1. Every residue in the stretch 210-231 that is of a type in the set (A, V, I, L, M, F, W, C) and under 23 Å from PHE243 (Cβ atoms), please.
2. For the structure I just gave you, tell me whether ILE175 is in the same structural domain as ARG89 (by TED's automatic domain parsing), within 30 Å of PHE328 (Cα to Cα) and within 22 Å of the chain's Cα centre (by Cα).
3. Only one of (1) touching a Pro at 6+ places or on another chain (Cβ under 6 Å); (2) of a type outside the set (Lys, Arg); (3) surrounded by fewer than 17 Cβ atoms within 10 Å (Cβ to Cβ) fails for ALA273. Which number is that?
4. Would a scan of the stretch 87-101 turn up a residue that is in a strand (DSSP E or B), surrounded by 11 or more Cβ atoms within 10 Å (Cβ to Cβ) and in the same structural domain as GLU10 (by TED's automatic domain parsing)?
5. When you check GLY314 against the structure, is it under 30 Å from VAL142 (Cβ atoms), in contact with a helix residue (DSSP H, G or I) (Cβ under 6 Å, 6 or more places away or on another chain) and surrounded by fewer than 16 Cβ atoms within 10 Å (Cβ to Cβ), yes or no?
6. Answer yes if at least one residue in the stretch 215-232 is acidic (Asp, Glu) and either closer than 25 Å to ARG363 by Cβ or not in a helix (DSSP H, G or I) (or both), and no otherwise.
7. Restricting the search to the stretch 25-46, which residues are touching a Cys at 6+ places or on another chain (Cβ under 8 Å) and crowded, with 18+ Cβ neighbours inside 10 Å?
Amino acid sequence: MINDTVLIIEPNFSGHRWRYAEWAANAYMEAGYRCVIVTEPSNASHPLVARLQAEDRAELQIALVAPPERSGRRGLSSISYARFHQDFRHAYDVASRGRGVALVVVPYVDYFFLALPFLGSPFGATPWVGITMRSNFHHDQVGVRAPRRPLVNAAKTQLFMRAIRTRGLKTLLTIDPTLAGWWMDIGHRGLKASATAAAIEYLADPFPDARAAEPELAKARLGLGSGKHVLVYGAINDRKGIFELAAALAARPSSKEAPTLVIAGAQDEEVRASLKAATAKLVPAPVVLDRFISIEAELDLFSACDVVWLGYKGHYGMSGVLVQAYRFGKPVIATADGLIGWFCRTGELGPMVDDLSVASINRALDVVLAGVPHATPGAQHLLERNTLSQFKKTLRQAVI
């Protein structure tokens, strides 16, 4: 049997994880492999699943694999890292039957990464590549603003150093450039990692090449009125800082220049009712698109809106919304925390807020809505690498 298949295993299609799975498949198909995206049956109605099933291409298949059945005695299953390790091992075992698997790709390895020192690879001897999005134990060493947890970070550092020596792991890709930098400058020297450790490479969180639409035409398609629009985009939950933004907008004086809040993305059940109440008295009335956003609508949103909100709370990782705003040349209002703050620290991309008070948010809104000029990021800005072509190239290089 020829090993010509790449399995891309991602049980959760929320957020941008389904896109990572599809983009990874495209990268390896372009390199001549057959690809199978493996996910759970709960995603059967997702647009990507429906499209791939309808296309039924030999070079790109979708496999729906249910998690393994578990007995009443949960044992290791009570630990999330171990439970996900079992799920991925089961998905691999089922999806690999009758196929020659050359490589496994895990678009979100944080599910089980810290279980690797104890449980080993869930894919046996098969080579694999993982993408980490939540490794933040190193942030206090590289100038990223995040909660200080010295004992937790020390323990996670040791687990990380053991995990990257797992059998079969060829490359650990990270959407956090500071992790790759930490590894080169501190990690591999200061902690004396084994020569058998996987490579750690930066994988720029991508946004597909696209041209902005004419703003007025985009507004017309979305049903937006005239004036300024502030966009909150993606999975809508409390961590988006949406309630704080709504409170700040409600506190602004009424005027015909008041900005319109645009909330685009499927809302968590926990926030839907309370968000409706929080925005009920805003003038102008907010525009709310509580649904899965198509690619066409996404392009229109970033073309039509004037400001992109990134005042997230309790979020210390990367944001694809930041990349989208940069690609469309739209200023952001960003938290000073985490990687969002690290990328926005120079002020080139828009004002930052140190806290989510009404006063802080409105000061930032005043600056950006007044069109106060900011330095235009140069061609060497790190976000220039956040393209789909660079993403695919990095994934292919990870297995050379």
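The values are calculated or read from the model by the stated rules, or taken from the named source; none is laboratory data. All of these numbers come straight from a predicted model, not from anything done at the bench. Don't worry about glycine lacking a Cβ; one is built from the backbone with ideal geometry, like all the others, and counts go over all protein chains shown.
1. As a first pass, look at the stretch 210-231 and keep what is of a type in the set (A, V, I, L, M, F, W, C): 210, 212-213, 217-218, 220, 222, 224, 230-231.
Matches in the stretch 210-231: LEU224, VAL230, LEU231.
2. Against the criterion (in the same structural domain as ARG89 (by TED's automatic domain parsing), within 30 Å of PHE328 (Cα to Cα) and within 22 Å of the chain's Cα centre (by Cα)), ILE175 qualifies.
3. So ALA273 meets the others, but not (1).
4. The initial filter retains those residues of the stretch 87-101 that are in a strand (DSSP E or B), namely 101.
The next check asks that each one be surrounded by 11 or more Cβ atoms within 10 Å (Cβ to Cβ); those that pass are 101.
Now restrict to residues that are in the same structural domain as GLU10 (by TED's automatic domain parsing): 101.
Yes; the residues of the stretch 87-101 include at least one that is in a strand (DSSP E or B), surrounded by 11 or more Cβ atoms within 10 Å (Cβ to Cβ) and in the same structural domain as GLU10 (by TED's automatic domain parsing).
5. yes
6. Among the residues of the stretch 215-232, not one is acidic (Asp, Glu) and either closer than 25 Å to ARG363 by Cβ or not in a helix (DSSP H, G or I) (or both), which makes the answer no.
7. Passing the criteria: ALA25, TYR28.
Every residue, every condition in (1) over 24 Å from HIS138 (Cβ atoms); (2) without any contact (Cβ under 8 Å) to a residue 60 or more places away in the chain, yes or no:
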{"site": "MET318", "(1), (2)": "no, no"}
{"site": "VAL321", "(1), (2)": "no, no"}
{"site": "ARG327", "(1), (2)": "yes, no"}
{"site": "THR335", "(1), (2)": "no, no"}
{"site": "CYS344", "(1), (2)": "no, yes"}
